[in-house]
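Note sheet for the following structure.
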Amino acid sequence: MTDQTPAQYTGPRRILSGIQASGALHLGNYLGALKRFTELQETGAPLFVFVADMHAITVWQEPEKLAAQTREIAAAYLASGLDPAKAVIFPQSAVPAHAELAWIFNCVGRLGWLDRMTQFKEKSGKHKERSSVGLYTYPVLQAADILLYKATEVPVGEDQKQHLELTRDIAQKFNNDFGAPGYFPLPEPLIQGPATRVMSLRDGAAKMSKSDPSDLSRINLTDDADAIANKIRKAKTDMEPLPETVEGLEGRAEAKNLVAIYAALAGTTREAVLAEFAG
Ligand code: ATP
Ligand code: LTN
């Protein structure tokens, strides 16, 4: 490789992302990920979007359900506007090279790097010793997903930032170790838009999540209009009227979240929402 690779990555722009097949999707997934994918397919850059079914089995999944969930995520991709003529859509497990490259990366990444990953700490909770080894090396498989295609940009929500940093560390160490500085790109996370971290409707300090036991905490993509209106009406807020400025939302996490959701769905800014609804 030494002779052929340039001093830094010079390959084409390529966009890639995936969503784990671990249950029904919610508004956070839509605004943080799905909606971004459909916008990016219009840029003309090659776009790869997959269903991370191998990531899903880092925690127990009923085999029959996993197959159905994988198809449901693919259906959500199409329903949200992803066009198979513009994007390559596939299940991760259909391409064995993801697992193969993950093994090589397991030998490149360092234990100390994985020890810092906050998602493992959150998901393993009090039962670290009883977690699967896969849950621990989850971000290494994610690095393989990305670098297998030499992706340069990865649209994700805020919570995936740390996994992208690890991906860059693995790419850099591989390139250094093998004397091939331009072999893998150092991919950039694309964390953009007015709602990169949609919060729970019941608790402005927690992110909207599939794993929250309260269904009132999230808007599922499969909820109908009445259910959505009901959840918004029941959403936790505070006693104050909406302020005139975005700064006035500081310290009012629940109000801030609802304003951000409205802005994102109406295709406008938080400033414009407050100009209309302040007071
Ligand atoms: P879990 O709650 O089980 O951890 P999740 O709801 O966080 O799952 P993921 O499958 O981990 O969903 O995430 C899929 C994509 O959606 C990722 O790009 C992630 O960053 C994004 N995402 C997830 N939750 C939110 C949120 N609340 N706000 C914005 N983006 C989000
Ligand atoms: N960990 C991601 C899903 C995921 C992913 C990826 C995202 C797996 N592999 C590669 C972007 C690129 C999550 O959303 N939980």
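The values are calculated or read from the model by the stated rules, or taken from the named source; none is laboratory data. Since we're looking at a predicted model, the values are computed, not measured. We place every Cβ from the backbone using ideal geometry, glycine too, and count neighbours over all the protein chains shown. To get the accessible areas, we keep the full protein, side chains included, count just its heavy atoms, and leave off ligands, DNA and RNA. Shrake-Rupley method; radii C 1.70, N 1.55, O 1.52, S 1.80 Å.
Its residue count N sets the reference 2.2 N^0.38 Å, and the alpha-carbon radius of gyration of segment 146-279 equals 1.37 times that reference. With R₀ set to 30 Å, the beta-carbon distance separating ALA266 from GLU62 gives a calculated FRET efficiency near 0.20. Placing unit charges on the Cβ atoms only, positive for Lys and Arg and negative for Asp and Glu, gives segment 97-222 a dipole magnitude near 340 debye about its Cα centre. Using every pair of separate Cα atoms, the Kirkwood estimate puts the hydrodynamic radius of segment 73-228 at 17.8 angstrom.
In segment 67-117, Rg over Rh equals 1.15, where Rg is the alpha-carbon radius of gyration and Rh the Kirkwood radius from pairwise Cα distances. Shown is the FRET efficiency for LYS123 and ALA275, computed with R0 = 35 Å from the Cβ-Cβ distance and rounded to the nearest 0.05: 0.30. Of all DSSP-defined beta bridges confined to the chain, some 10% are antiparallel rather than parallel.
Ligands, DNA and RNA are left out, and with a 1.4 angstrom probe the accessible area of the chain is 52 Å² per residue. Where the centre of each part is set by its Cα atoms, how far does segment 135-161 sit from segment 263-279, in angstrom? Measuring centre to centre over Cα atoms gives 33 Å.
Full extension of the chain segment joining ASP115 with ARG13 gains 33.6 nm, where the gain is 0.36 nm per residue of separation less the Cα-Cα distance. Listed by chain and number, the lysines whose alpha-carbon sits under 25 Å from that of LYS126, ignoring those within fewer than 8 places in the same chain, are LYS161, LYS207, LYS210.
Distance distribution note for the chain: the fraction of Cα pairs above 35 angstrom is 22%. Among ALA266, ALA67, ALA171, the largest mean-square fluctuation in a Gaussian network model of the chain (Cα springs under 10 Å) belongs to ALA266. Taking θ as phi - 60° and the Karplus parameters 6.51, -1.76 and 1.60, the scalar couplings of segment 222-235 work out to 8, 5, 8, 4, 5, 4, 5, 4, 4, 5, 5, 4, 7, 4 Hz in sequence order, x denoting glycine and proline.
Each pair of Cα atoms in segment 18-76 enters the Kirkwood radius, and Stokes-Einstein at 20 °C and 1.002 mPa s then converts it into a translational diffusion coefficient of 175 µm²/s. Candidate cross-link partners of LYS231 among the aspartates and glutamates, defined by an alpha-carbon separation under 19 Å and a same-chain spacing of 8 or more, comprise ASP203, ASP212, ASP215, ASP223, GLU254. Listed values for segment 184-193 are Karplus-derived 3J(HN,Hα) couplings in whole Hz (6.51 cos²θ - 1.76 cosθ + 1.60, θ = phi - 60°), namely 9, x, 9, x, 9, x, 10, 10, 9, x, and x replaces Gly and Pro. A straight line joining the Cα centroids of segment 215-253 and segment 84-104 runs 37 Å.
Sequentially through segment 48-59, phi angles give Karplus couplings (6.51, -1.76, 1.60; θ = phi - 60°) of 10, 10, 10, 9, 7, 6, 6, 5, 4, 7, 5, 10 Hz, Gly and Pro residues having no value and appearing as x. Taking the longest Cα principal axis of the chain as reference, the axis of helix 253-266 is set at about 80 degrees.
Remark: the THR222-PHE90 segment gains 45.3 nm on full extension, using 0.36 nm per residue and subtracting the alpha carbon distance. For the chain, a Gaussian network of Cα nodes joined below 10 Å ranks ARG13, ARG218, ARG197 by mean-square fluctuation, and the top entry is ARG13.
Express the carbon and sulfur contribution to the solvent-accessible surface of segment 149-249 as a percent, rounded to the nearest whole number, probe 1.4 angstrom.
51
Using just its DSSP H runs of length 4 or more, each adding -39500 (n - 2.57), the chain gives a mean residue ellipticity at 222 nm of -12000 deg cm²/dmol after division by all residues. Excluding residues on the same chain fewer than 8 positions from LYS173, give the lysines whose Cα lies under 16 Å from its Cα. Those lysines meeting the cut-off are LYS150.
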